[in-house]
Amino acid sequence: MLISYLIMSRFREDYIEDDSVLSIFTLLDGAVKSIPPSFYNQVEFLIKFDNDDKVAKARVNELSKYPFQIKSFFYNRWEGLATANYHLSFLFLYRDITSNFIGMVGDDAVFLEEATTCLFDTLQAQVNNKYAIISSTEHELNTDYQTNQNNWILSVDDYPIVSSKIIEISSGYGFQANVNNWVSLLQNILYYKYNVNLNHRIIKYAARDNRQVKHFANDKEYFNKEFFISNERYCTNPYYFTLVEQQARNIYLNMKEEGLL
């Protein structure tokens, strides 16, 4: 398996009246069009649905029509996006353990066809690289990540892909809900402290739509809390940096032990 995509999904309230509203089906339809057919059997989607999502329960069997391996899970919503790191760590546990890369993408996103082809060329080129971060975001790595937080803080529209080994070493998706920021910070620390650059730049391969989604309304109150770092709220707890520094050190020591440095 080349890549496992981990997705949290909930059907918008207005989807019931208008099924043209973007949904997990829109995302997967776009994946069929955008991912080169030769890779269909090398891609899996693991999707977490909410127990109270009636549309998802009624239509989950339709996922079998897609040419990818798809695994679906139903359990409580918790705080939605504000507990993303928990949900993604759970989904990671059930991935095909042979998958080389882990991707995260929103269920209200669309794959960009030409860029997705380039992405899969990059994934294939890095298939034997156990320590890769593949991202479309450009930021300066050689900066003090605590005093210059704006350098690594990303929006939820960024979809970095990482080697599965990185998640294994890090024991999940970190200690705050905006996992895009976690990947970016981890990358920054590795370069700043150890001069290790794992980044491989690609053009943006997925874009998010449905910006004013109704089911995010209940999540908004959580965005500025301690566990969701964003461009609206920087990290104020220095212990978070200590923990991610230890994850970066573990990656560095693993690479050193394997003779990759």
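The values are calculated or read from the model by the stated rules, or taken from the named source; none is laboratory data. Only a predicted model underlies this, so the values are computations on that prediction, with no experimental measurement involved. Virtual Cβ from ideal backbone geometry, glycine too; neighbours counted across all protein chains shown.
Okay, residues lined up against (1) of a type outside the set (Lys, Arg); (2) out of contact with any helix residue (DSSP H, G or I) (no Cβ under 7 Å at 6 or more places or on another chain); (3) closer than 22 Å to LYS204 by Cα; (4) surrounded by fewer than 19 Cβ atoms within 10 Å (Cβ to Cβ):
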| residue | (1), (2), (3), (4) |
| --- | --- |
| SER4 | yes, yes, yes, no |
| ASP18 | yes, yes, no, yes |
| PRO36 | yes, no, yes, yes |
| GLN69 | yes, yes, no, yes |
Residues satisfying the stated conditions in segment 157-202, i.e. touching a Leu at 6+ places or on another chain (Cβ under 7 Å) and in a loop (DSSP other than H, G, I, E, B): TYR173, PHE175, ALA177, VAL196, ASN197, LEU198, ILE202
Long-range neighbours under 9 Å by Cβ, at least six apart or interchain, first residue without any contact (Cβ under 8 Å) to a residue 24 or more places away in the chain within segment 119-148, second charged (D, E, K, R): ASN148/GLU140
Lone qualifier among ILE229, ILE189, ILE203, ILE251 - being more than 21 Å from TYR86 (Cβ to Cβ), modelled with pLDDT under 90 and among the β-branched types (Val, Ile, Thr): ILE203
Which listed residue is on the phi > 0 side of the Ramachandran plot and either of a type in the set (Ser, Thr, Tyr) or crowded, with 18+ Cβ neighbours inside 10 Å (or both), from GLY106, GLY80: GLY80
Filter pass, TYR145 being of a type outside the set (Asp, Glu), in a loop (DSSP other than H, G, I, E, B) and at pLDDT 95 or above: no
One residue from SER20, SER38 being assigned to a helix (DSSP H, G or I) and farther than 25 Å from PHE90 by Cβ: SER38
Test: residue in segment 157-165 that is surrounded by 15 or more Cβ atoms within 10 Å (Cβ to Cβ), modelled with pLDDT of 90 or more and closer than 20 Å to PRO238 by Cβ: no
Check on LEU27, modelled with pLDDT of 90 or more, touching an Asp or Glu at 6+ places or on another chain (Cβ under 7 Å) and part of a helix (DSSP H, G or I): yes
Every pair of residues 6+ apart whose Cβ atoms lie under 8 Å, when the first sits in segment 168-187 and is surrounded by fewer than 22 Cβ atoms within 10 Å (Cβ to Cβ) while the second is not in a helix (DSSP H, G or I): PHE175/PHE227
Segment 20-34 - residue that is in contact (Cβ under 8 Å) with a residue 12 or more places away in the chain and more than 24 Å from ASP121 (Cα to Cα) and, of those, surrounded by the most Cβ atoms within 10 Å (Cβ to Cβ): ILE24
